[in-house]
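One structure is given here, and the rest of the page talks about it.
Where a number appears in this text, it was derived from the coordinates with a stated rule and is not lab data. Being a predicted model, the structure only gives us computed values, none of them experimental. Here the Cβ positions follow ideal geometry from the backbone for every residue, glycine too, while neighbour counts run over all protein chains shown.
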């Protein structure tokens, strides 16, 4: 879609700008510090070190943006992470100038840089999610909406409706609950006449899900009925109509799955072991079964498997830049590379990349499939929810 591509390109430009501004500011501040100290030149910084560090950051941020290419709510977070390295150097230099050179204006510059980077990350949010146009609805980009009174956030994704931030705005993925289009029985905008409590189930890692409750004040609310849960989400009339329009468009061609799940099928799809297979510590802590848990243990494994490729890249870069220091580190003797070293690193890189895909890539993708599943089906088996809308006196309508 043209609009989705334009939004992504604008987001990438803003993320790049947010990462570049503090780096440029740091070089100017370093030159200013040198001038105040009476030095002829700013502090020397190795070109190869900057390239290696910069390319590493670009690869990490680029991979994050690609992984969350549809999750527009994650783009502002990646924008802030992209700005942190340069912002840290710039603010540290500002503090140093203010303390050693008695130049309080440097503090104002540091605060201005922090505000500017935050503003750019918020601009990324606006560019990716607002306004809610027909083109945005027709795309596969996530569309977030604010919820009335609550801290929670309602997001219309390409394949599901998600309510997150029930317990934490800092970790929005904790206790996220979802209703996929194939499990959506009905959704309507109702008028809640008296304050009521909505009770939802979240995954616990055990056969019985944990219960979470939140208050629903009188006023407009979205009544959502799925095969595994029923939600009553307080919204404004404007937000409710926009959500209905987006859900209707994105779920139009999806056939509702009316079938019941067996417990063994639920365990297979969620990747959860039976209760008697859990250790006592796992039952007590439950850390591996939170909906916001990620397999961070895969990070050092991935780092180890990327070492041959990193060495080959560093060897090539040291030759291109002519850095003697880096050539010594990557075993380039007098600007000459041993063909055997290149061949060994090339073969090791290919082999390790294959192992990386098998051990890390497939494992992570399989894990995330299970996480997405348990957000929608927190306990076996899925049960159909029907009845009267709490506090409204109205009955459900099939969509």
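Brief remarks on what is shown
- Nitroxide proxy distance, nm - points 7 Å out along Cα→Cβ at residue 84 and residue 269: 3.6
- The Rg/Rh ratio for segment 142-264 is 0.95, where Rg is the radius of gyration of the alpha carbons and Rh is the Kirkwood radius.
- Rg/Rh for segment 2-131, where both radii come from Cα atoms and Rh is the Kirkwood radius: 1.05
- Spherically averaged projected area of the convex hull of Cα atoms, segment 124-203: 6.8 nm².
- Distance between the 7 Å Cα→Cβ label points at residue 2 and residue 134: 1.3 nm.
- Of the two radii for segment 104-151, the radius of gyration is 1.22 times the Kirkwood radius, both from the alpha carbons; that is the Rg over Rh value.
- Rounded FRET efficiency, nearest 0.05, which uses the C-beta distance separating residue 321 from residue 28 and R0 of 25 Å: 0.60
- For the peptides 361-371, 108-118, residues were scored by their other Cβ atoms within 10 Å and the scores averaged per peptide; the highest-first order is 108-118, 361-371.
- Per-peptide average of other Cβ atoms within 10 Å, ordering 329-335, 2-8 highest first: 2-8, 329-335
- Note on segment 298-376: Kirkwood radius taken over Cα pairs, Stokes-Einstein applied at 4 °C and 1.567 mPa s, translational D equal to 90 µm² s⁻¹.
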